[in-house]
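Some notes on the structure that comes next.
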Amino acid sequence: MEHDRLRDAWLLAETTERTLLDIVAAIQLVAGGAARRVVLASLPEPELVAAEALAYAQAAGVEFQLARRPGVPTPCVIIGPRSRRADTGYNEVS
Amino acid sequence: MTDDRPTLHDRKPGDRRVRVERPHSPYFRYTGPGMLTAKAAASLAPAASRGPLERFRRSLFGRRLSNEEEAFERLPKKLALPIFSSDAISSSAYATEEIFRVLVVAGAGALLISVQMALAITVLLAVVSLSYRQVCRAYPSGGGAYIVARENLSPLMGLVAAAALLIDYVMTVAVSTASAVSQAYSVIPALYDIRIEIALAAIALVTIANLRGLREAGLFFASPTYLFIGLAFLVIALGLAKLALGQGPAYVAPEAQLVPLGTEPLGIILILRAFAAGSVALTGVEAIANGVPAFRPPEAKNAGNTMLTMAILLGVLFIGITLVADGFGIRPTEDGGRTVIAMVAASVFGDGSALFYAFQAATALILFLAVNTSFNAFPRLAAILAKDEYMPRQFAFRGDRLAFSWGIVALATVSGLILLAFGGDTHALIPLYSVGVFVCFTLSQVGMVKHWFTVRESGWRWRAVINGLGALLTFVVLCVVASMKFTSGAWLVLLLIPLLIAGFLTINRQYAATHDQIAMRPDQVAPAPHREERVVIPVSGINRAVVQAVNVGRVISKDVRAVLVSDDHAHAEETRAAWERQIPHVPLVVVESPYRALTGPLLAYLEVLDRSWPADREPPITFVVVPEYVPSHWWERLLYNQSTAELRRALLGRPDTIVTNVPYRREQPESFRRLQEHEIARDDPATGGAPGPKDRRGPQPPAAV
């Protein structure tokens with residue numbers, strides 16, 4: 001039982017880390033100007049990394065949005081477009 | 001596949017029930033434990049064998065040959081003589097004229113020494129042939145001057161010889177073709193205006209013949225060579241007989257067409273220039289020594305004897321034609337006029353006679369076919385250089401017909417371009433010709449002297465003397481040829497040789513550097529994979545090819561994401577919604593790009609993906625799994641996968657990145673209909689997902705979809 005719990009925790013940590021990496025990459029893509037907006041769909045456990053991702057987005061000066069749609073279990077993450085004032089903009093988490 | 005042998009009744013009851021399964025038998029033959037040998041069918045993709053391109057290729061070049069059939073491609077002496085000697089023998093058709101063209105500036109009297117000049121060149125030919133006969137015996141694996149110089153002098157000297165030889169082979173094709181065309185317009189003057197077109201067509205013909213393979217090329221070339229030799233001997237015999245009987249020539253060219261007699265004094269420079277011009281007669285002598293492995297066993301002996309036969313034939317023809325031309329007082333003509341050998345034939349047979357036309361046709365043919373000597377020798381030398389990593393490795397690959405296809409095509413291309421550049425003018429090309437030949441003559445003879453001093457086998461002293469004499473004479477002639485022809489074109493060859501060597505060395509360094517990087521130490525044990533993998537799948541929407549690629553990606557790693565680059569917001573939203581519904585377990589990254597390109601934003605995405613990876617961990621291997629639709633027909637390829645090809649090119653060489661193509665083949669309409677019925681039945685809750693009767697009859701759906 002203990003072993004199962006540890007394994008689940010490790011898998012969750014691995015999944016959230018991967019999700020965060022994908023979000024950070026998307027933030028860099030928008031911040032660098034290569035994309036106007038990046039939408040990340042079917043990303044596992046985005047809520048768990050939302051706070052940290054938002055901090056990254058604010059630091060990079062891009063919009064961050066967690067959009068939930070009816071009938072779809074996981075919310076999608078929308079990165080961009082770039083906000084007018086980096087670091088100080090308020091980003092809504094819905 | 002089940003073996004169709006009859007059932008064997010043996011002692012044990014179970015023996016009757018044994019089925020021998022040999023799924024590989026249509027394509028491979030079992031040749032030992034863990035060893036399969038490919039049959040002809042294995043090298044021919046089933047789809048390719050049906051295509052119109054393949055049918056055309058087969059009709060042009062013939063069926064594919066297996067390596068085992070190479071033994072039957074060895075040449076008997078009677079075929080090897082025309083193949084390897086047509087270049088040398090055919091030079092008797094223009095060598096006399098080259099001497100005459102130099103001597104004519106000193107007046108009619110100077111032309112009289114052309115016979116002595118031909119005799120001196122024939123003595124040189126005898127020495128060179130004897131020297132090369134020894135090369136055949138000492139180096140039965142072929143390679144000629146390159147191998148001899150490389151092994152006995154130094155690798156750099158070997159490269160000098162190789163560069164000179166390659167230039168010589170290219171020039172042989174250009175000069176012989178141009179000269180052959182000049183024989184043709186000696187008879188039909190109207191052909192002068194289309195001489196380049198004829199020359200290029202002839203090169204194309206010889207190229208195709210050589211791509212078909214050695215033996216068939218030999219049969220193709222044998223008869224014109226023997227016809228020329230026979231008719232040339234007839235011309236010489238009848239000409240000498242006429243001269244002995246005091247009869248005049250049957251044809252005299254109009255004075256207006258002839259090069260005017262000059263008044264220059266006959267000095268040593270002019271004599272040396274005439275000697276240098278006539279020394280083109282020696283070109284092609286080394287070809288037999290380069291092609292020893294192509295002879296039937298005993299290769300070295302057969303090659304040596306063929307060399308001797310060739311030297312005797314060439315010497316007799318050269319002296320004979322010069323004697324007759326000199327005896328009839330023949331002078332060279334201006335550009336576009338008859339060649340000296342054509343005038344010799346007309347003087348003997350009579351202008352317009354059947355024998356004259358036959359001789360002209362045979363001369364033109366042997367000159368056309370003389371290029372075949374180069375087509376045999378150039379690819380072999382290029383293959384040896386490629387094996388030594390001085391030329392691209394493709395030159396060492398044999399084509400379907402056991403010919404070195406790359407070398408053949410390269411030779412045809414370069415010589416064709418030279419012919420175009422020089423306007424198909426033989427006399428403009430000749431100054432570039434013999435310098436390279438004498439460079440490799442000298443190097444190989446010096447190398448042979450060193451060889452005899454090293455091996456010291458029976459009779460080494462007199463062998464060394466023969467090669468030493470050859471080295472001395474050819475070096476003197478090299479100096480004469482290079483200095484006398486320097487301003488008229490030899491400078492170009494002297495410049496090209498170091499450039500080619502620089503190219504060889506650059507290629508060699510490149511291969512060596514690559515080898516150092518990819519080689520494994522003999523004591524090194526391959527480590528287990530230790531880096532993380534992640535998968536990026538570029539998609540344009542949702543379809544069966546994409547689903548298959550996603551499934552392949554999920555086999556590679558758990559870390560998979562699809563990437564859609566789009567400049568169309570509505571399309572992106574639509575795809576995202578469909579993705580969340582249909583492929584919910586794989587993340588989709590929709591990159592809304594302000595530009596309309598796929599490759600740039602995707603590369604940028606891969607860059608940021610790399611940059612966002614934690615610095616304290618080893619970077620992962622990124623698999624870019626590219627879904628690719630495989631069209632049913634060749635013409636459909638123009639319609640699909642263009643951006644995929646561009647993406648593959650862009651990702652080539654990207655660090656830590658592996659590009660994986662996942663082809664999706666279109667089903668036949670009937671199979672696809674059954675596949676759809678199967679899927680509907682499987683997904684329909686009413687049938688409980690059980691396959692219907694049709695499904696059991698039809699093909700199974702692709703596992704990946």
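See the values below:
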{"item": "Integer Hz, Karplus 6.51/-1.76/1.60 couplings in order for segment B:248-264, x for Gly and Pro", "result": "x, x, 7, 8, 10, 6, x, 4, 5, 7, 7, 5, x, 6, x, 10, 5"}
{"item": "Gain upon complete extension [residue B:514, residue B:353; 0.36 nm per residue less C-alpha separation]", "result": "51.5 nm"}
{"item": "Value of relative contact order over segment B:488-590, rounded to a whole percent, pairs C-alpha under 8 Å and six or more apart", "result": "22 percent"}
{"item": "Under 5 Å, built H, 5+ apart or other chain: amide partners of residue B:659", "result": "B:624"}
{"item": "Nonlocal amide H pairs with residue B:628, under 5 Å, H built at 1.01 Å", "result": "B:662, B:664"}
{"item": "Largest to smallest principal axis extent of the C-alpha atoms in segment B:76-510, angstrom", "result": "60, 45, 40"}
{"item": "Overall dimensions of segment A:1-86 by Cα: Rg and Dmax, Å", "result": "14.3, 51"}
{"item": "10 Å Cβ neighbours from other chains, averaged over peptide A:21-33", "result": "5"}
{"item": "Computed lengthening from residue B:472 to residue B:256, 0.36 nm per intervening residue step minus Cα-Cα distance", "result": "73.4 nm"}
{"item": "Cα-based helix-to-principal-axis angle, A:46-60 vs chain A, degrees rounded to 10", "result": "30 degrees"}
{"item": "Computed Rg/Rh of segment B:414-512, alpha carbon atoms with Kirkwood Rh", "result": "1.11"}
{"item": "Whole-number D in µm²/s for segment B:533-666 (Stokes-Einstein; Kirkwood sum over Cα pairs; 25 °C, 0.890 mPa s)", "result": "159 µm²/s"}
{"item": "Order of B:453, B:623, B:295 under a 10 Å beta carbon neighbour criterion, fewest first", "result": "B:453, B:623, B:295"}
{"item": "Computed FRET value (nearest 0.05) for residue B:521 with residue B:558, which takes r as the C-beta separation and R₀ as 35 Å", "result": "0.55"}
{"item": "Cα→Cβ-extended label distance, 7 Å offset, between residue B:530 and residue B:661, nm", "result": "3.4 nm"}
{"item": "Likely footprinting exposure, A:78, B:537, fewest C-beta neighbours within 10 Å first", "result": "A:78, B:537"}
{"item": "Entries in B:77/B:387; B:78/B:242; B:78/B:485; B:301/B:485 that, when Cα-Cα distance is taken, lie over 30 Å", "result": "B:78/B:242; B:78/B:485; B:301/B:485"}
{"item": "Full-extension gain in nm, residue B:223 to residue B:491, via 0.36 nm per residue minus C-alpha separation", "result": "92.7 nm"}
{"item": "Inter-probe distance in nm under a simple model that places probes 7 Å from Cα toward Cβ, at residue B:603 and residue A:8", "result": "4.6 nm"}
{"item": "Estimated [θ] at 222 nm from DSSP helical runs (n ≥ 4, -39500 (n - 2.57)) normalised by residues in chain A, nearest 500", "result": "-16500 deg cm²/dmol"}
{"item": "Residue B:208-residue B:413 FRET efficiency (beta carbon distance; Förster radius 22 Å; 0.05 resolution)", "result": "0.95"}
{"item": "Sequence-distant residues sharing a close amide H with residue B:295 (under 5 Å, placed H)", "result": "B:75"}
{"item": "Exposure proxy order (Cβ contacts within 10 Å, fewest to most) of B:132, B:605, B:139, B:226", "result": "B:226, B:139, B:605, B:132"}
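Since every read-out is calculated from the coordinates, none of them should be taken as a lab result. Predicted, not measured: the structure shown is a model, and the values here were computed from it. Neighbour counts run over all protein chains shown; Cβ positions are idealised from the backbone, glycine included.
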